[in-house]
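First the structure, in the form of structure tokens, and then the observations on it.
The values are calculated or read from the model by the stated rules, or taken from the named source; none is laboratory data. Note that the coordinates shown come from a computational prediction; the quantities given were computed from them, not determined experimentally. Cβ atoms come from the backbone with ideal geometry, glycine included; neighbour counts cover every protein chain shown.
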Amino acid sequence: MSANPFFAPSTLEYELPDFASIKESHYLEAFYEGTKEQLAEVDAIIASGEPTFENTIVALEKSGRTLTRMLLVFYNKSSSDTNDAMDAIEEEIAPKLSAHQDAITLNPALFARIKSLHDRQDTLSLNSEDAWLLQKYYRDFVYAGAHLSQEQREKLTKLNERLSYLETQFSKNLLADTNDSALVVDSKEELAGLSDGEIQAAADAASARGLTGKYLLAMVNFTGNPILDSLEVRTTRERIMRASLLRGNRDNEFDTKAIIVEMAQLRAVRANLFGKKTHADYIIAEQTAGSVENVHTMLRKIAPAAARNARAEGSDIQAMIKESGEDFELASWDWDFYTEKVRKAKHNIDSSAMRPYFELERVLHDGVFFAATKLFGITFKARPDLVTYHPEARAFEVFNEDGSKLGLFIGDFYTRDSKRGGAWMNNLVDQSFLLGQLPVVVNNLNVPKPAAGQPTLLTYDEIVTLFHEFGHALHGLLSSVQYPRVSGTSVQRDFVEFPSQVNEMWILWPEVVANYAKHFETGEQLPQELIDRLNGASAFNEGHATSSYLAAAILDLAWHSLEAGETVADVVAFEAKAIKDYGLDYHAVPTRYRSTYFSHIFGGGYSAGYYGYIWSEVLDAESVDWFKENGGLTRKNGDHFKAQLLSRGGSIDSMQMFKNFRGREASISPLLKRRGLE
């Protein structure tokens, strides 16, 4: 057992996990030993005499290190590079991890110690960060059910175990069905409009599955596919969209409908244990929004204008279809393709023609890293000598302005069958002064890998994703807190997207775009007139984008506003009614996620929280205005943003952090203006 890499802190730089030594057999071994170790540590805390902040709260922060090391590595690996063995491990540990966490948070003796400290905190002479941590622990334990009766706690444990199992099954089924739904195309002619590199990549993907001579088009996590904007053959576009919309809903072994119906019902039952009517009430009460009603109030300010704009955009597209000599009604699979024609006609922007200016390495180094250096003074150095969890995951050492070490950044940008869809940020090591740890953060994207020897040319949307996810990475890297519980992105869920959205503002900032947007062959800069057109078209197609997003947010709230005992017999009909009731039922604009592949809420941590993206964007739009009012990309502004927000993690109240940064409460007006929804 001593050979298990998880049983002691890594001796590598930054405590980077020793991926060269980690084997699949180590995960379960470390899991069971780690849970046993942490429970023993909790017993020692309970037996440590009169409760103090040090022997209770700080001791809890130091507990479970073996388990934490294993879980951080395992869940990063299982989401970015899974296989059957990893799936089996996850299936085994998911309910057991839930039970283990409940054994701690539902322990009456441990809660009594925390409550004792909480009730007399005014006498403890704690500093502000310590006082906030104590408050967090108390609320965490109450939120987890520590205050419930023994019978209720036993029921809660069973519910949590079952929900954890179902969440794992959902993710497993969805990945399998997404891979199984990939479209096989017989001829190159059916891919007309794609670049030679894209067609070769599709041929390579088919060959990798033993389909030599054919072409494979992989599904992505959201509705549709980025290649729909350039595919000329309408039947191919239709096949892609239909396959995308049916994921998890094909009545096969990977179908997710029964899973999500059961999850929604069990979540409602669990909410009742806490005295809440619905799961949405239970979740949102702990977020910055405060209540479901507050969320609906905000969304209903946006939805009518978004729906109106989407239909107006649809009319423009229908006119373009007619102008192109075609005679058919606009469908969802036509939207992206003809939107590009409308964009070109209205704003003289050809998205495909700009891709040669957006080569991945240049965007990363001369765009993303460059902006971070200008704003925060941090610098990056490639570390190809460091072994990561996959050959495509590359490590970069990050330094402060004075040359001192800040942390490690790992970028894993390409899609593969073993990686779940979407884009996200993970931590492999949490920053903490208490534990003497610097952060190790990971960004995962799903950019299609080009044919061997070809450059990776990004779409504009992929650039947005790259900057966005790096905003999360900055939140982790710039963390400067004492305790791991409040490190980095450990903030309220409807606040966590805010810093990442702010980082998107630098994409077209003059100094930044001039540095990275250069033709991959000639080095020629992206013409200023095109940059001006991109800025001028910033609200173009926002009716579609906002309606598609809002429909998904409404679906999330609909599922999680079900009361205990309410059942859903027809998932498709339930979806349709929820979207129609909000006035977002427009056949040409499907929801960004249908329930059966809505991994954010059924396979991730965003249940009753998908609204958080646009909730955070209210703060983001305000912050962008602040940066512009104060000179933009300057070290002074970066220092203020870092000091008041990014470095604080979750060590103070989220909205107080925003007010400390902005100087006042947020208004929705900047967001409505940005999206053309005034």
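Hey, could you check segment 498-537 for residues that are surrounded by fewer than 14 Cβ atoms within 10 Å (Cβ to Cβ) and of a type outside the set (Asp, Glu) and say which is farthest from Gly476 (Cα to Cα)?
Just the residues of segment 498-537 that are surrounded by fewer than 14 Cβ atoms within 10 Å (Cβ to Cβ), to begin with: 510-511, 521-524, 527-529, 532, 535-536.
When the remaining residues are screened for being of a type outside the set (Asp, Glu), the result is 510, 522-523, 527-528, 535-536.
Details: Pro510: 26, Thr522: 36, Gly523: 33, Pro527: 35, Gln528: 34, Asn535: 30, Gly536: 33 Å.
Taking the candidates together, the pick is Thr522.
Taking the residues in segment 40-67 that are under 27 Å from Thr168 (Cα atoms) and free of Cβ contacts under 8 Å to residues at least 40 places away in the same chain as candidates, determine which candidate is surrounded by the fewest Cβ atoms within 10 Å (Cβ to Cβ).
For segment 40-67, the residue satisfying everything is Ser63.
If Lys36 satisfies all but one of (1) assigned to a loop (DSSP other than H, G, I, E, B); (2) surrounded by fewer than 19 Cβ atoms within 10 Å (Cβ to Cβ), what's the number of the condition it fails?
Evaluating Lys36 over (1) assigned to a loop (DSSP other than H, G, I, E, B); (2) surrounded by fewer than 19 Cβ atoms within 10 Å (Cβ to Cβ) leaves (1) as the failure.
Does segment 378-391 hold any residues that are in a loop (DSSP other than H, G, I, E, B) and surrounded by fewer than 16 Cβ atoms within 10 Å (Cβ to Cβ), and which are they? Explain how you work it out, then say what you get.
Of segment 378-391, the ones in a loop (DSSP other than H, G, I, E, B) are 378, 383-391.
Selection gives Pro384, Asp385, Pro391.
Identify all residues within segment 273-310 that are in a helix (DSSP H, G or I), acidic (Asp, Glu) and under 24 Å from the mean Cα position of the chain (by Cα); write none if there are none. Lay out the reasoning, then the answer.
Here is the first cut: in segment 273-310, the residues in a helix (DSSP H, G or I) are 273, 279-284, 292-310.
Next, only the ones that are acidic (Asp, Glu) stay: 281, 293.
Correct list: Asp281 only.
Condition check: hydroxyl-bearing (Ser, Thr, Tyr), surrounded by 18 or more Cβ atoms within 10 Å (Cβ to Cβ), in a helix (DSSP H, G or I) and touching a residue at least 12 places away in the same chain (Cβ under 8 Å). Does Thr339 satisfy that? Lay out the reasoning, then the answer.
Working: hydroxyl-bearing (Ser, Thr, Tyr): yes; surrounded by 18 or more Cβ atoms within 10 Å (Cβ to Cβ): yes; in a helix (DSSP H, G or I): yes; touching a residue at least 12 places away in the same chain (Cβ under 8 Å): yes.
The answer is yes for Thr339.
Tell me which of these Phe369 doesn't satisfy, since it passes every other one: (1) in contact (Cβ under 8 Å) with a residue 60 or more places away in the chain; (2) within 23 Å of the chain's Cα centre (by Cα).
Only one criterion in (1) in contact (Cβ under 8 Å) with a residue 60 or more places away in the chain; (2) within 23 Å of the chain's Cα centre (by Cα) is unmet by Phe369, namely (1).
Restricting attention to segment 242-264, which residues are over 22 Å from the mean Cα position of the chain (by Cα), of a type outside the set (A, V, I, L, M, F, W, C) and within 14 Å of Ile601 (Cα to Cα)?
Once the filter is applied, which keeps residues that are over 22 Å from the mean Cα position of the chain (by Cα), of a type outside the set (A, V, I, L, M, F, W, C) and within 14 Å of Ile601 (Cα to Cα), segment 242-264 yields Lys257, Glu262.
Somewhere in segment 71-92, is a residue outside any loop (DSSP other than H, G, I, E, B), more than 22 Å from Ser418 (Cα to Cα) and not assigned by TED's automatic domain parsing to the domain that holds Val486?
Going through segment 71-92, the residues outside any loop (DSSP other than H, G, I, E, B) turn out to be 71-80, 84-92.
Okay, now just the ones that are also more than 22 Å from Ser418 (Cα to Cα), so none.
Within segment 71-92 (the criterion being outside any loop (DSSP other than H, G, I, E, B), more than 22 Å from Ser418 (Cα to Cα) and not assigned by TED's automatic domain parsing to the domain that holds Val486), the answer is no, since none of the residues qualifies.
Being more than 16 Å from Val481 (Cα to Cα) and without any contact (Cβ under 8 Å) to a residue 12 or more places away in the chain is the filter here; which residues of segment 625-662 pass it?
Hits for segment 625-662 are Lys628, Glu629, Asn630, Gly631, Lys636, Gln656, Lys659.
Out of the residues in segment 142-160 that are farther than 17 Å from Leu110 by Cα and of a type in the set (D, E, K, R), state the one that is surrounded by the fewest Cβ atoms within 10 Å (Cβ to Cβ).
Ranking the qualifying residues of segment 142-160, first place goes to Glu151.
Residue by residue through segment 553-567, note down the ones that are closer than 20 Å to Tyr582 by Cα and surrounded by fewer than 18 Cβ atoms within 10 Å (Cβ to Cβ).
Step one: of segment 553-567, the residues closer than 20 Å to Tyr582 by Cα are 553-563.
Passing the criteria: only Glu563.
Out of His640, His600, which single residue is part of a helix (DSSP H, G or I) and in contact with a Phe, Trp or Tyr (Cβ under 6 Å, 6 or more places away or on another chain)? Before the answer, list the steps.
Working: His640 fails: in contact with a Phe, Trp or Tyr (Cβ under 6 Å, 6 or more places away or on another chain).
Every option except His600 fails the conditions.
Any idea which residue in segment 208-252 is surrounded by the most Cβ atoms within 10 Å (Cβ to Cβ), counting only those that are small (Gly, Ala, Ser), modelled with pLDDT of 95 or more and part of a helix (DSSP H, G or I)?
Step by step, filter segment 208-252, then rank; the result is Ser244.
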